[in-house]
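The values are calculated or read from the model by the stated rules, or taken from the named source; none is laboratory data. These numbers come from a predicted model, not from an experiment. Positions of Cβ are backbone-derived with ideal geometry, glycine not excepted, and every protein chain shown enters the neighbour counts. The accessibility values were calculated without ligands, DNA or RNA, using every heavy atom of the protein model including side chains. Shrake-Rupley method; radii C 1.70, N 1.55, O 1.52, S 1.80 Å.
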Amino acid sequence: MIRTSYALLGLISFLTAGEDECRAWTIRAGTRAQLAAGTIHSDIERGFIRAEVVGFNDLMAAGSIAACRERGTLKLEGKEYVVRDGDVINFRFAV
């Protein structure tokens with residue numbers, strides 16, 4: 001039911017993960033990385049440098065972000081990257 005509702009409303013979710021917290025963020029489908037960063041905090045959007053992106057399924061298969069780097073499934077994306085449903089993103093920024 002939730003997936004159907006999201007689809008009808010044109011919404012997707014991306015995830016952020018750190019040592020102390022994992023969280024899902026809801027955005028409109030077609031949102032670019034820099035604007036998605038602004039969903040978390042306006043400072044991240046303003047100081048956006050790049051996004052480190054891995055698909056959720058790739059992360060689960062590898063077991064860690066470090067393993068994704070080794071396998072080559074972690075990608076560095078710019079502000080024009082269109083966020084996909086289920087992306088796990090680490091935003092790099094400087095304010």
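Just give me the residues in segment 1-54 being in contact with a helix residue (DSSP H, G or I) (Cβ under 7 Å, 6 or more places away or on another chain) and more than 16 Å from residue 86 (Cα to Cα), in sequence order.
34, 35, 38, 44, 45, 48
Report, by residue number, each residue of segment 66-81 that is open to solvent by less than 60 Å² (accessible area, probe 1.4 Å) and touching a residue at least 12 places away in the same chain (Cβ under 8 Å).
If the condition is that a residue be open to solvent by less than 60 Å² (accessible area, probe 1.4 Å) and touching a residue at least 12 places away in the same chain (Cβ under 8 Å), then 68, 73, 74, 77, 78, 81 are the ones that fit.
Among the residues of segment 1-46, which ones are surrounded by 15 or more Cβ atoms within 10 Å (Cβ to Cβ) and either in contact with a Cys (Cβ under 6 Å, 6 or more places away or on another chain) or part of a loop (DSSP other than H, G, I, E, B) (or both)?
31 - this is the single residue of segment 1-46 that is surrounded by 15 or more Cβ atoms within 10 Å (Cβ to Cβ) and either in contact with a Cys (Cβ under 6 Å, 6 or more places away or on another chain) or part of a loop (DSSP other than H, G, I, E, B) (or both).
Output the number of residues of segment 54-95 satisfying the condition of being within 15 Å of residue 22 (Cβ to Cβ), part of a loop (DSSP other than H, G, I, E, B) and of a type outside the set (S, T, N, Q).
Here the count works out to 2.
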